[in-house]
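Following: one structure in structure tokens, then a few remarks.
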Amino acid sequence: MPSETAHTTSRMPKQGLPQNTIIQELEAKLQRDFTYSSGKILCSMCTDPHSFAKQIYRKYLEKNLGDPSLFPASAELEHETVRMLGALLSNPQASGGIVSGGTEANIIALWAARNLDKKMCGEVIVPVSAHYSFDKACDLLNLKLIKVKLNRCFQMDVKAAEKAITSETVAIVGVAGSTCLGVVDPIRELSEIASAHNIYLHVDAAFGGFVLPFLRELGYEPLDFDFRLPGVCSITIDPHKMGLAPIPAGGILFRDEKMSEAVSMKVPYLSGGEMNQSTLLGTRSGASAVAVWALLMHLGRVGYAAVVERCLGLTWKLVEGIQRIDGVDVVVEPTMNVVGVKTGTVDVGLVFQELRKRGWAISLFVDYLRIVVMPHTKSSHVKRFLEDLQIILDNLRK
Ligand SMILES: Cc1ncc(COP(=O)(O)O)c(C=O)c1O
């Protein structure tokens with residue numbers, strides 16, 4: 001477990017310090033952070049970025065996509081990245097941007113939905129499993145969030161969603177890879193409902209966007225979630241999660257340009273003359289977009305499929321291991337590399353605390369633990385985790 005540091009800094013020094021001194025101090029201070037290489041991080045949807053993406057990111061740190069007149073080539077690479085991600089999600093004509101993450105992407109999606117509806121308020125229907133970024137988005141956008149229940153498979157209850165539709169509904173949100181269990185909502189049915197009622201449908205595939213497109217070729221059951229479904233208006237897909245890109249790198253994709261124009265603002269002062277901007281941020285990282293472009297080109301479809309195959313393979317090893325331990329089980333058979341673990345008669349909070357004491361970073365979702373098997377996770381980490389879990393359960397049962 002990382003240890004505490006000796007002292008805190010609260011003021012900039014009058015005279016600057018030598019770089020080596022600062023590096024040493026940083027090394028000491030940052031020891032408390034978890035590292036992906038330790039294998040102890042089993043709770044995060046982010047990972048150690050791919051080394052090539054890190055190299056590219058460092059090289060192009062000065063690029064600013066908030067000013068495309070200064071960096072037109074970087075802006076073009078962002079367009080190409082969006083098109084490549086669009087093609088991955090069955091729509092090479094998609095428009096949108098590489099943004100700071102899933103939160104920003106979800107906010108932009110609801111912002112567009114609200115503006116397209118020409119309302120300054122309204123309601124948004126989400127499953128209770130939706131990420132809290134939708135709470136943020138609705139708070140910011142003066143929208144009312146309507147949370148509907150899940151069915152027995154932990155997916156959005158489609159009937160409940162349809163029942164929740166009113167004349168005030170500006171959007172329905174389906175999740176393709178829920179934060180808590182990696183579950184995919186019935187997006188096909190949601191698409192049909194959204195089309196029938198002429199309502200905007202956003203799909204949050206922040207996590208699943210880099211997993212679901214590969215299921216078919218890996219021999220897993222494919223799931224409909226993308227632009228192939230005619231009701232889907234926008235999709236969040238985050239390169240800084242399963243896309244292996246450096247943070248910050250989220251993605252917001254719209255079915256067509258008209259939708260992204262709904263959030264377009266004029267920027268009057270740039271050197272290239274008046275321009276339109278369709279992101280929440282002004283100044284924003286061009287290095288992020290360029291690094292995603294480079295990594296998509298480097299790994300290609302085969303490379304990303306291999307990453308998913310490895311994570312899913314390890315996920316199933318973890319599931320088998322959990323099922324071999326007396327008294328614990330998975331909450332639901334995983335669709336992707338996210339596993340919920342219930343602890344039967346043993347208090348889940350205590351198991352969580354004991355795992356933390358042994359240095360494991362996992363998540364606690366009210367009555368179950370969540371483990372995310374990311375590209376930094378190795379077979380040896382899964383084995384050690386299962387051994388510790390067994391010991392903890394044995395001790396707690398004594
Ligand atoms: C499904 C989903 N959507 C959105 C987000 C928010 O992403 P970010 O933390 O990059 O803003 C997350 C984060 O885990 C998520 O799981």
Taking region 305-344 and keeping residues free of Cβ contacts under 8 Å to residues at least 24 places away in the same chain and part of a strand (DSSP E or B) leaves Asp329, Val330
Could we say that Val332 is more than 19 Å from the chain's Cα centre (by Cα) and surrounded by 14 or more Cβ atoms within 10 Å (Cβ to Cβ) here?
yes
inquiry  = If I filter region 38-51 for residues that are farther than 30 Å from Glu274 by Cβ and assigned to a helix (DSSP H, G or I), do I get at least one hit?
reply    = yes
Going through region 210-240 in order, the residues found to be within 12 Å of the chain's Cα centre (by Cα) and β-branched (Val, Ile, Thr) are Val211, Ile235, Thr236, Ile237
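Considering only region 94-114, I want to know if a residue exists there that is free of Cβ contacts under 8 Å to residues at least 40 places away in the same chain and farther than 10 Å from Val173 by Cβ. Please lay out each step first, then the result.
Kept after step one, since they are free of Cβ contacts under 8 Å to residues at least 40 places away in the same chain, are these residues of region 94-114: none.
Within region 94-114, not a single residue is free of Cβ contacts under 8 Å to residues at least 40 places away in the same chain and farther than 10 Å from Val173 by Cβ.
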Determine, yes or no, whether Leu70 is away from the ligand (no atom under 16 Å from the Cβ), within 25 Å of Thr283 (Cβ to Cβ), over 17 Å from the mean Cα position of the chain (by Cα) and in a loop (DSSP other than H, G, I, E, B). yes
Counted residues in region 88-134 being among the basic types (Lys, Arg) and modelled with pLDDT under 95 come to 2
Lys342 vs (1) at pLDDT below 95; (2) closer than 23 Å to Val175 by Cα: all pass except (1)
Those residues of region 92-130 which are within 16 Å of the ligand (Cβ to nearest atom), in a loop (DSSP other than H, G, I, E, B) and within 29 Å of Leu77 (Cα to Cα) amount to Ser100, Gly101
Picking from Asp347, Asp367, Asp388, Asp394, the residue that is closer than 19 Å to Tyr36 by Cα, open to solvent by 10 Å² or more (accessible area, probe 1.4 Å) and free of Cβ contacts under 8 Å to residues at least 60 places away in the same chain would be Asp388
Counted residues in region 256-292 being among the basic types (Lys, Arg) and open to solvent by less than 60 Å² (accessible area, probe 1.4 Å) come to 1
When Phe134 is run through (1) touching a strand residue (DSSP E or B) at 6+ places or on another chain (Cβ under 8 Å); (2) away from the ligand (no atom under 16 Å from the Cβ); (3) of a type in the set (A, V, I, L, M, F, W, C); (4) under 21 Å from Ser191 (Cβ atoms), the failure sits at (2)
Kindly check whether there is at least one residue in region 256-279 that is within 16 Å of the ligand (Cβ to nearest atom) and assigned to a loop (DSSP other than H, G, I, E, B).
-> yes
Taking region 56-114 and keeping residues basic (Lys, Arg) and surrounded by fewer than 21 Cβ atoms within 10 Å (Cβ to Cβ) leaves Arg58, Lys59, Arg83
Considering residues that are farther than 22 Å from Pro246 by Cβ and polar (S, T, N, Q), the number found within region 87-127 is 5
Per the filter on region 230-266, residues over 18 Å from Ala112 (Cβ atoms) and hydrophobic (A, V, I, L, M, F, W, C) are Met242, Leu244, Ala245, Ile247, Ala249
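The values are calculated or read from the model by the stated rules, or taken from the named source; none is laboratory data. Fair warning: this is a prediction, and the values are worked out from it, not measured in the lab. We place every Cβ from the backbone using ideal geometry, glycine too, and count neighbours over all the protein chains shown. To get the accessible areas, we keep the full protein, side chains included, count just its heavy atoms, and leave off ligands, DNA and RNA. Shrake-Rupley method; radii C 1.70, N 1.55, O 1.52, S 1.80 Å.
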